[in-house]
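Worksheet: one structure, shown below.
No value in this document is a laboratory result; all are computed from the given coordinates. In this text, all values refer to a predicted model and were calculated from it rather than measured experimentally. When we count neighbours, we look across all protein chains shown, and the Cβ atoms used for this are built from the backbone with ideal geometry, even at glycine.
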Amino acid sequence: MKNGDIVRFKSYTLRPVNNHDCGIWSWKLGLLVEYEKWEKVASILCEGEVLRIRAEDVQKSGKKDFERFKNI
């Protein structure tokens with residue numbers, strides 16, 4: 001992952017998102033601002049905020065993500 005990539009990440013919530021989930025997290029899209037491998041933490045710009053998310057919960061997004069999230 002490089003700075004400026006569109007990424008999807010797990011957004012943790014306290015309430016269930018849908019019936020198929022365990023109610024702990026849902027996927028969101030954001031812009032990768034900074035990622036250091038040794039730190040294993042990604043800084044992501046989402047909805048006007050910079051969030052710091054563990055690297056294991058962040059993935060580079062692809063074409064299918066844009067189709068899936070365009071209705072939101």
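Numerical summary
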quantity: Cross-link partners of Lys37 among lysines (Cα-Cα below 27 Å; sequence separation of 8 or more within a chain); calculated: Lys2, Lys10, Lys28, Lys60, Lys63, Lys64
quantity: Extension gain from Lys70 to Leu51, taking 0.36 nm per residue of separation minus the Cα-Cα distance; calculated: 4.7 nm
quantity: Net +/- balance of residues flanking Phe66 in space, Cβ distance below 14 Å, scoring K and R +1, D and E -1; calculated: +4
quantity: Derived scalar couplings ³J(HN,Hα) [the stretch 45-53; Karplus, 6.51 cos²θ - 1.76 cosθ + 1.60; whole Hz; x for Gly, Pro]; calculated: 8, 8, 6, x, 10, 9, 9, 10, 10
quantity: Förster-model FRET efficiency, 30 Å R0, Asn3 and Ser26, C-beta, rounded to 0.05; calculated: 0.75
